[in-house]
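Notes for the one structure printed next.
The values are calculated or read from the model by the stated rules, or taken from the named source; none is laboratory data. In this text the structure is predicted, and so the values were computed from the model without any measurement. Methodologically, a virtual Cβ is constructed for each residue, glycine included, from the backbone with ideal geometry; neighbour enumeration extends over all protein chains shown.
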Amino acid sequence: MTKTRGETRVPDRRRDNPKLLSFVIPVFCEEAVLPLLKERLLALVGQLPCPVEYVFVDDGSHDRTVAMLQNWALEDHRVKLLEFARNFGHQWPSRLVWTTPQAMRS
């Protein structure tokens, strides 16, 4: 089906809901903002029509970020945590998630 905008025909690009929507979230020393992030993510996913997972990739935090995420993961099976021993920069978290099988993130 196509929609008409003036003289231009734009194809309808609707698709089925994904089987799983993954939020990949790099974190580094985020202890101060994690409670707000958790609140906002929970509000958002309550509106989504599909299951979700949160994949947090800790980039060597030296505060309570990891402990807070581990506690959240105990409360919510959708929370996954991958940890780096040191800071590798902002591009590595996404690269790691795309190359890590889902079974290893569970």
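Checking Arg64, Arg95 one by one, the residue that is at negative phi and at pLDDT 95 or above is Arg64 and no other. Just one of the numbered conditions (1) surrounded by 13 or more Cβ atoms within 10 Å (Cβ to Cβ); (2) outside any strand (DSSP E or B); (3) hydrophobic (A, V, I, L, M, F, W, C) is not true of Ile25: (2).
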